[in-house]
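Okay, so here's the structure we're looking at.
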Amino acid sequence: MVHHDNPAPRVLAYYRRFQQQLAAQGNSGHAGISVDIAGFRRYQGDWVGAVVTPWFIHLLLLPGGGELWRPLAAGEILRVGFPGGDLEFVVEHAVDADLPAHAFATVMAPLDALAGQDAALASAMQALQLIFEPAQVVVTDSEASPAPAAAALDRRGFFRRLAGRR
């Protein structure tokens with residue numbers, strides 16, 4: 001399914017049903033966090049955004065008729081280049097009219113360390129910001145080197161975590 005319009009309402013509906021199903025099974029996740037969306041935007045013709053749930057924060061890639069999405073089997077890895085670095089997304093299929101196919105990269109799971117909804121949304125927005133902003137370089141008189149600032153270290157740590165390396 002190609003999403004011609006912003007898929008945020010469909011993603012929200014899908015994950016709210018997911019939350020209800022897990023809650024009915026007694027798995028409520030983080031009590032202070034509910035399903036929410038952090039900004040979907042087009043990137044190279046496809047859709048990239050983030051979803052917050054009581055169990056995880058995921059970056060999502062959805063087909064929009066662009067250059068990034070490829071029909072792959074569930075569980076296959078889709079490597080995508082962003083200005084902030086390359087990410088590996090896991091392809092997922094569901095028997096659902098709202099979200100039959102998408103790919104995700106985990107930003108954080110579980111969410112026990114977060115205080116609540118505001119912190120979860122801020123983390124999702126920061127993840128989106130990091131992938132769309134190129135790493136900054138500081139030029140000195142003697143050489144050009146990556147910025148030693150905490151933001152650069154956080155960026156590397158963020159991408160290591162997304163790649164499954166700590």
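The values are calculated or read from the model by the stated rules, or taken from the named source; none is laboratory data. Here the structure is a predicted model, which is why all the values come from computation and not from measurement. Glycine also receives a Cβ, built like all others from the backbone with ideal geometry; neighbour counts cover every protein chain displayed. Remember, those area values only see protein heavy atoms, side chains included, never the ligands or the DNA or RNA. Shrake-Rupley method; radii C 1.70, N 1.55, O 1.52, S 1.80 Å.
Odds and ends about this structure:
- Taking 0.36 nm per residue of sequence separation and removing the Cα-Cα distance, the Val95/Ala31 pair yields an extension gain of 20.3 nm.
- The stretch 1-149: relative contact order in percent, alpha carbon pairs under 8 Å with at least 6 residues between: 22 percent
- A Förster distance of 41 Å, applied to the separation of the beta-carbon atoms of Met1 and Asp112, puts the FRET efficiency at 0.75.
- Per residue, the stretch 1-144 exposes 50 Å² of solvent-accessible protein surface, assessed with a 1.4 angstrom probe and all protein chains in place.
- Measuring nothing but protein heavy atoms, the accessible surface of the stretch 1-131 at 1.4 Å probe radius is 53 percent carbon and sulfur.
- When the surface is traced with a 1.4 Å probe over the full set of protein chains, Val2 keeps roughly 70 Å² accessible.
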